[in-house]
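K.L.:
Questions regarding the structure given below will be posed in turn.
The values are calculated or read from the model by the stated rules, or taken from the named source; none is laboratory data. Because the structure is a prediction, the values reported are computed rather than measured. Cβ: placed from backbone, ideal geometry, glycine included. Neighbour counts: every protein chain shown.
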Amino acid sequence: MTDLPSHDLIAQLRQICGAAHVLTHDDPGADLSPWEQDWRKRVRGHALAVVRPANTPEVAAVVKACAAAGASIVPQGGNTGLVVGGVPDNSGTQIVLSMTRMNAVRAIDPANLTITVEAGCVLQNLQAAAENAGFLFPLSLGAEGSCTIGGNLGTNAGGTQVVRYGNTRELCLGLEVVNAQGEVWNGLTGLRKDNTGYDLRNLMIGSEGTLGIITAATMKLYPLPAAQLTAWAAVPSMQAAVDLLGLAHQRLGPGLTGFEVMNQFALGLVDKHYPQLRVPLWQDTPWCVLLENSDSENEAHARAQFEALLEAALEAGCVSDAVVAENLTQARGLWHIRESITLAQAEEGLNIKHDISIPVSRIPAFVAETDALLAREVPGVRMVDFGHLGDGNLHYNVQAPEGVDGQVFLRDNEERVNTLVFEQVARYDGSISAEHGVGELKVGKLPLYKDPTALAMMRAVKKALDPQNLLNPGRVINCP
Ligand code: FAD
Ligand code: 2HG
Ligand code: ZN
């Protein structure tokens, strides 16, 4: 804070948004923890205030007031981020700008195949609005019941349908953004072609709230598939899973909408903490794969195609056993098992997450080699390997040895485990963040693994767009 005393800023913010929508620690009975603590409960910050604007002009006015006061802003959606990007630091000087009151669906344009929503719209509500209008909005992830489209755009979230539809960036056609000066950029055109200069939309997407506040977005819609089938296959090795992926691409073409891999230990954790979910086939196989086939013709066609694929895979030896969901309820059950791994890991204790991407062809060697290195470095570690194999994106997570407390494990091992894994990722030409972003958790690592020219250009962009370093400072890139 430089210019204005904090109580003057709070008074201004209350004038802009209404007193009820500006929360501070001085309010009687105040509990700011839902906005101050990250989803994994790794970090608890301390905000000056949580501000909840109702519309874009209010966001613009809040940013102007904060800029005049020199108060930095942390944009926040559903607070489900996994890299400590959406919670305040513990200086007590930052404003959390919570976008969840801005949750309206502004428009659906069926001919243009677009939907325009406010940034605080919960992903599940966006999916439902699309479906009610007869369309598919394909972004799908475990946190969809509470994450917002603003947060998805902020992190360029991936999820389980990327193999067919791409990540959030590929689903977005336009943005409305409040910049660091409190001016509104209206880029909600919904155009599929627009070569009029720099691509500001794609610059904002994935910038994790460091370049602007996304207030609304125009997203792509797709036809609903005529049929959707889900299968669960036991595979004898990671190489077999990669071979199965190749077969699935060949045989299903664009029908392949999901391809997730899970190791035995990950599924064992789900079985241990949620036995009611009845995980199939996991006990006698090192890996399982969840595949989805979306068909534009009909269910009989989809089933015949799927069964032929699985037969070919059984014959080739890349599948040892498989089940195909008989109906939607069974299919949802299989997806629920997959989406429960993060929660089962949290139940088991604090763990070290690595959200990495590697060229698909090199994943089997990476996993074998890195598992062996880790076992030597930290005897007894339990590997929770799962993720979006179709996109070359693994969640290569490390759980403490049996009986070791997660906090203690992280205190003693996080740094060297991260170094070991990230060095391996670099050797395999991969990325240290595939879909969760950089946040605060990896900001110190980025300079070690990102091209120095790219980093210098990123810093130049940040300085040009946010010269006061007001927007989510200390996240993504350090700008002294
Ligand atoms: P927040 O956590 O509130 O914020 C995330 C980042 O975006 C922060 O840097 C924040 O400052 C910024 N931000 C938020 N809103 C705005 C805005 N309006 N304008 C500018 N910046 C903004 N991620 C994946 O990619 N794939 C997955 O499969 C996946 N699965 C998950 C499963 C679980 C159980 C959980 C807890 C998380 C998962 N995530 C996944 C991580 C997370 O990135 C996503 O849940 C989601 O994209 C975050 O949205 P949010 O609204 O919660 O954002
Ligand atoms: C998923 O794919 C999410 O389920 C979370 O990206 C991954 O918990 C994780 O590491
Ligand atoms: Zn993921």
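K.L.:
What pairs come up if the first residue lies in the stretch 160-174 and is touching a residue at least 40 places away in the same chain (Cβ under 8 Å) and within 16 Å of D199 (Cβ to Cβ), the second is within 12 Å of ligand 1 (Cβ to nearest atom) and among the polar types (S, T, N, Q), and their beta carbons are under 8 Å apart, counting only those six or more places apart or on different chains?
P.N.:
Sorted first by the residue in the stretch 160-174, then by its partner, the pairs are N167/N156.
K.L.:
Name the residue, out of L277, L281, that is touching a residue at least 60 places away in the same chain (Cβ under 8 Å) and either over 30 Å from the mean Cα position of the chain (by Cα) or outside the structural domain of R362 (by TED's automatic domain parsing) (or both). So that I can check it myself, show each step before the final result.
P.N.:
Working: L281 fails: touching a residue at least 60 places away in the same chain (Cβ under 8 Å).
Going through L277, L281 in turn, the sole match is L277.
K.L.:
Pick from L224, L153, L229: which is closer than 21 Å to M458 by Cα, more than 16 Å from ligand 3 (Cβ to nearest atom) and among the hydrophobic types (A, V, I, L, M, F, W, C)?
P.N.:
So the residue among L224, L153, L229 that is closer than 21 Å to M458 by Cα, more than 16 Å from ligand 3 (Cβ to nearest atom) and among the hydrophobic types (A, V, I, L, M, F, W, C) is L153.
K.L.:
In this structure, does M238 turn out to be over 23 Å from the mean Cα position of the chain (by Cα) and of a type outside the set (G, A, S)?
P.N.:
yes
K.L.:
Can you report the number of residues in the stretch 22-55 which are within 28 Å of E348 (Cβ to Cβ) and either within 16 Å of ligand 2 (Cβ to nearest atom) or not charged (D, E, K, R) (or both)? Break it down stepwise before answering.
P.N.:
Step one: filter the stretch 22-55 for residues within 28 Å of E348 (Cβ to Cβ), giving 31, 33-45.
From the residues that got through so far, the ones that are either within 16 Å of ligand 2 (Cβ to nearest atom) or not charged (D, E, K, R) (or both) too are 33-35, 37-43, 45.
Residues that pass the stated criteria total 11.
K.L.:
D271 versus (1) closer than 24 Å to V360 by Cα; (2) part of a helix (DSSP H, G or I): which is the lone unmet condition?
P.N.:
It is condition (1) that D271 fails.
K.L.:
Can you name every one of the strands (runs of 3 or more DSSP E) wholly within the stretch 19-120 that holds 3 or more residues which are under 24 Å from the mean Cα position of the chain (by Cα)?
P.N.:
It comes to 73-76, 95-98, 114-118.
K.L.:
Going through S340, S361 one at a time, which residue ends up being among the polar types (S, T, N, Q), touching a residue at least 60 places away in the same chain (Cβ under 8 Å) and either in the same structural domain as G81 (by TED's automatic domain parsing) or within 16 Å of ligand 3 (Cβ to nearest atom) (or both)?
P.N.:
Within the list S340, S361, the selection yields S340.
K.L.:
Scanning for something in a helix (DSSP H, G or I), in contact with an Asp or Glu (Cβ under 9 Å, 6 or more places away or on another chain) and surrounded by 18 or more Cβ atoms within 10 Å (Cβ to Cβ), does the stretch 423-434 turn up at least one residue?
P.N.:
So far as the stretch 423-434 goes, yes, one or more of its residues are in a helix (DSSP H, G or I), in contact with an Asp or Glu (Cβ under 9 Å, 6 or more places away or on another chain) and surrounded by 18 or more Cβ atoms within 10 Å (Cβ to Cβ).
K.L.:
In the set N472, N393, which member is away from ligand 2 (no atom under 14 Å from the Cβ), polar (S, T, N, Q) and within 30 Å of I214 (Cα to Cα)?
P.N.:
Among N472, N393, only N472 is away from ligand 2 (no atom under 14 Å from the Cβ), polar (S, T, N, Q) and within 30 Å of I214 (Cα to Cα).
K.L.:
Something else: Suppose we filter the stretch 464-480 for residues that are modelled with pLDDT of 95 or more and surrounded by fewer than 12 Cβ atoms within 10 Å (Cβ to Cβ); how many remain?
P.N.:
2
K.L.:
Closer than 28 Å to R382 by Cβ and either buried (at least 16 other Cβ atoms within 10 Å of the Cβ) or under 26 Å from the mean Cα position of the chain (by Cα) (or both): does that describe A331?
P.N.:
No.
The rows are residues; the columns are (1) farther than 30 Å from N472 by Cβ; (2) in contact with a Cys (Cβ under 6 Å, 6 or more places away or on another chain); (3) crowded, with 23+ Cβ neighbours inside 10 Å; (4) of a type outside the set (G, A, S).
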| site | (1), (2), (3), (4) |
| --- | --- |
| L188 | no, no, no, yes |
| D199 | no, no, no, yes |
| N202 | no, no, no, yes |
| E208 | no, no, yes, yes |
| I214 | no, no, yes, yes |
| A241 | yes, no, yes, no |
| L244 | yes, yes, yes, yes |
| M262 | yes, yes, yes, yes |
| V270 | yes, no, yes, yes |
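Here is a yes/no grid of residues against (1) basic (K, R); (2) in contact with a Gly (Cβ under 8 Å, 6 or more places away or on another chain); (3) more than 16 Å from ligand 2 (Cβ to nearest atom); (4) without any contact (Cβ under 8 Å) to a residue 60 or more places away in the chain:
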{"position": "H388", "(1), (2), (3), (4)": "no, yes, no, no"}
{"position": "A400", "(1), (2), (3), (4)": "no, yes, no, yes"}
{"position": "G403", "(1), (2), (3), (4)": "no, no, yes, yes"}
{"position": "L410", "(1), (2), (3), (4)": "no, no, no, no"}
{"position": "N413", "(1), (2), (3), (4)": "no, no, yes, no"}
{"position": "E423", "(1), (2), (3), (4)": "no, no, yes, yes"}
{"position": "R427", "(1), (2), (3), (4)": "yes, no, yes, yes"}
{"position": "G444", "(1), (2), (3), (4)": "no, no, yes, yes"}
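K.L.:
Find the residue count for the stretch 431-445, including only residues that are within 16 Å of ligand 1 (Cβ to nearest atom) and either within 20 Å of G392 (Cβ to Cβ) or assigned by TED's automatic domain parsing to the domain that holds A375 (or both).
P.N.:
The qualifying residues number 9.
Quick grid of which residues meet (1) in contact with a helix residue (DSSP H, G or I) (Cβ under 7 Å, 6 or more places away or on another chain); (2) within 16 Å of ligand 3 (Cβ to nearest atom):
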{"residue": "A375", "(1), (2)": "no, no"}
{"residue": "G380", "(1), (2)": "no, no"}
{"residue": "G406", "(1), (2)": "no, no"}
{"residue": "E415", "(1), (2)": "no, no"}
{"residue": "E423", "(1), (2)": "no, no"}
{"residue": "A426", "(1), (2)": "yes, no"}
{"residue": "D429", "(1), (2)": "no, no"}
{"residue": "H436", "(1), (2)": "yes, yes"}
{"residue": "G439", "(1), (2)": "no, yes"}
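K.L.:
Search the stretch 139-154 for residues being within 10 Å of L126 (Cα to Cα) and away from ligand 2 (no atom under 13 Å from the Cβ), and hand back the single one that is surrounded by the most Cβ atoms within 10 Å (Cβ to Cβ).
P.N.:
Checked the stretch 139-154; the qualifying residue surrounded by the most Cβ atoms within 10 Å (Cβ to Cβ) is I149.
K.L.:
Looking for whichever is surrounded by fewer than 23 Cβ atoms within 10 Å (Cβ to Cβ), modelled with pLDDT of 95 or more and of a type in the set (V, I, T) here; the options are V162, V184. Which one fits?
P.N.:
One residue alone meets the criteria, V184.
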